[in-house]
Amino acid sequence: MVEAADDPLYPWLCTIMSAYDDYRKNPGNGTHLETLLERCVNFFQNDDRYKNDIRFLKIWIIHADMIQDFDKVFKLIEGKKMFLCHSLLYESYAIYLEAKGSLLEAHRIYQLGITRKAEPLETLKKMHALFLARLTRITKICSKHEIDIDESVEHADSLTRPWSASVIKDLLEKIKPRLLKYKGYHATNKAYIGKVPLPSLKNVSRNKVIELGGKKYQIIGCSGTGAYAQVFKAYVDRDPGDVVALKIQRPAFPWEFYMYRQLDQRISDVERASFGFAHRAHVYSDCSVIVSDYLAHGTLQDAINCYVVTGQSMEEVLCMYYTTEMLRMLENLHSVEIIHGDFKPDNLLVRYSSDELTEDGFLERAGPWSHQGLCLVDWGRGIDLRLFPDGTKFKGDCRTSGFRCVEMQENRPWSFQADTYGLCVIVHMMLHGSYMTIEKKAQPDGSCVYKPRSSLKRYWNIDLWNALFMKLLNIGSIENDTSVLQSLRESFENYFCGTPALIKKLKQLLVKQRASLCSAR
């Protein structure tokens, strides 16, 4: 490591972290961050002092993520023989390749790092083993014809496959009369013909203006990109005071708007802010656009990453607070017969109160606390149980690595477990900074229970965390899990209320988190 007195990279690190902080709060600032990163890697790439500096490697990784071209970056790093001894290089590139679907290439990169004995080698080997386990499960699923888009299944059986193309098509036909009556729903059988073709919008489409339903939306930045959708931050009629999120999907997919309207009808006004809101949907023959609220403070995944990149874990009191929020969220959601289906930290936006938090009103979520917490978005995999016969259990795999519930992993029917397992994974990520792996433990009575492999730290509240994992990972086939979720939520709330100093500490941590998300520590 270079001495601090002779470390020209350090000022760049501070500037980049500040720009990264701004970018997370406002994705429209991405151009500034991208320029900084490019200048930094170009300036120091031939400096031998930094060829194995882990800080400089992280800058390269963020750079690769910003330009969305890890292949190019890896080849450049390889050519200059930089960072070849760091396992983080191979882990990051392999994860990128796996997300792209390049599984054989990801396997090769893991093997390359192991052959080079990149450190920490045991961590790299563990990541590779987890990758191989996921690969094995995918192979088994394919061999059993469990892929959701399989159209050869009999209709009666496919009704229990909520994400299959045939089921979604049938459900959309069934709800079409309702969709057409929903406020904000605009549909046509023609393709979008605006001056700016929606399929051409990219991360760099800043300041382009698209017209929808008589309104003009000025693109400010890209907030997220998936296989079938992109989310953009935009000003309505060029007004910086009127900011929305535009989710553009190809092909058109009105199902998500239907789910938002079900939330409007079933979730109480007191709890509604925890589930996102869609103002309108514009559905064309070639694409659809959902206009929804824009929350500028990033996701729970961002908050977790802030600790991971510094080798730390989130403070337990924060973990408890967000766990309580998620338990309440699923309790409300499942009580009205809705399953989110994609419950992960990327889909949980962080909400902050505009007023200063107080130590009163926490339990009742009154005053400033009513505007503080999480907001669940991305309802494309939402399941409306009222559209299925009573007691329906589902088959099929969410195909989201790390979030497949036990029932999916073992090819058994599932329902609410799709969400509750996701909650357990998120809690594990907050506590340990890593995805959860589970083990099956035989009991004296001959039964089996599932539990996380990771051990809890002795100074944590082990009873609370053990109860949460034990109950939610072994919830079985009960018709509704609302009472279990309520009981767990109340146990966390009672712990907070029994230790008033925790609420004071929580308030301080939330203020700190808001002021400096992802800042250097």
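Just a few scattered comments:
- Among residues other than residue 186 with Cβ under 13 Å from its Cβ, the summed charge is +4 (Lys and Arg +1, Asp and Glu -1).
- Rounded accessible area per residue of segment 366-458, 1.4 Å, Å²: 41 Å²
- Spacing of the modelled spin labels on residue 285 and residue 80, each 7 Å from Cα toward Cβ, amounts to 5.0 nm.
- Report summary: the helix-based calculation at 222 nm, which adds -39500 (n - 2.57) for every DSSP H run with n ≥ 4 and divides by the residues of the chain, gives -14500 deg cm²/dmol.
- Accessible area expressed per residue, segment 1-121, with surrounding protein chains retained (probe 1.4 Å, Å²): 52 Å²
- Solvent-accessible area, 1.4 Å probe, carbon plus sulfur percent, for the chain: 53 percent
- Relative contact order of segment 424-474, defined on C-alpha pairs under 8 angstrom at six or more residues apart (%): 31 percent
- Computed from the Cα positions only, the extents of segment 340-419 along the three principal axes stand at 48, 29, 20 Å, in decreasing order.
- Rounded Å value of the spacing that divides the Cα centres of segment 340-392 and segment 224-277: 14 Å
- Per residue, segment 253-321 exposes 31 Å² of accessible surface when a 1.4 Å probe is rolled over the protein heavy atoms with every protein chain present.
- In sequence order, calculated HN-Hα J values of segment 35-42 (Karplus, 6.51, -1.76, 1.60; Hz; x Gly/Pro): 5, 4, 4, 5, 5, 5, 5, 5
- Mean separation of Cα contacts under 8 Å, 6 or more apart, over the residue count of the chain: relative contact order %: 12 percent
- For segment 445-450, putting each phi into the Karplus relation 6.51 cos²θ - 1.76 cosθ + 1.60 with θ = phi - 60° gives couplings of 7, x, 7, 10, 10, 9 Hz, in residue order, rounded to whole numbers and with x for Gly and Pro.
- Neighbour cut-off at most 15 other Cβ (10 Å), DSSP loop, chymotrypsin sites (Phe, Trp or Tyr not before Pro), segment 10-72: none
- Under 19 Å of direct C-alpha separation, and excluding same-chain neighbours fewer than eight residues apart, residue 441 reaches these lysines: 451, 471.
- Judged by the mean number of other Cβ atoms found within 10 Å, the most tightly packed of the peptides 304-312, 245-253, 189-197 leads the ranking 245-253, 304-312, 189-197.
- Net charge over other residues, Cβ less than 10 angstrom from the Cβ of residue 94 (K, R count +1; D, E count -1): -2
- Along the chain, the exposed loop sites are GluC sites (Glu not before Pro) outside DSSP states H, G, I, E and B with at most 12 other Cβ atoms within 10 Å, and the longest stretch free of them is 155-355.
- 3J(HN,Hα) along segment 341-349, derived from phi through the Karplus expression 6.51 cos²θ - 1.76 cosθ + 1.60 where θ = phi - 60°, amounts to x, 8, 7, 8, x, 5, 9, 10, 7 Hz, with x in place of Gly and Pro.
- The charge dipole of the chain, taken about its Cα centre with unit charges on the Cβ atoms of Lys, Arg (+1), Asp and Glu (-1) only, comes to about 880 debye.
- Surrounding net charge for residue 318, when Lys and Arg each add one and Asp and Glu each subtract one, Cβ distance under 13 Å: +1
- Annotation: amide H-H contacts under 5 Å for residue 397 (H modelled 1.01 Å from N, sequence separation of 5 or more, or interchain): 148.
- Positive-pole candidate from 289, 273, 336, dipole of the chain, charges at beta carbon: 289
- Taking a straight Cα-Cα cut-off under 27 Å and skipping sequence neighbours fewer than 8 places away in the same chain, the lysines within cross-link reach of residue 181 are 169, 190, 215, 216, 247.
- Here's how it looks for residue 86: its modeled amide H is under 5 Å from those of 119, which are all 5 or more places away or on a different chain.
The values are calculated or read from the model by the stated rules, or taken from the named source; none is laboratory data. It should be emphasised that the depicted structure is a prediction, and the values quoted were computed from it without experimental measurement. With ideal geometry, Cβ positions are generated from the backbone for all residues, glycine too; neighbour counts draw on all protein chains shown. The area values use the complete protein model at the heavy-atom level, side chains included, leaving out ligands, DNA and RNA. Shrake-Rupley method; radii C 1.70, N 1.55, O 1.52, S 1.80 Å.
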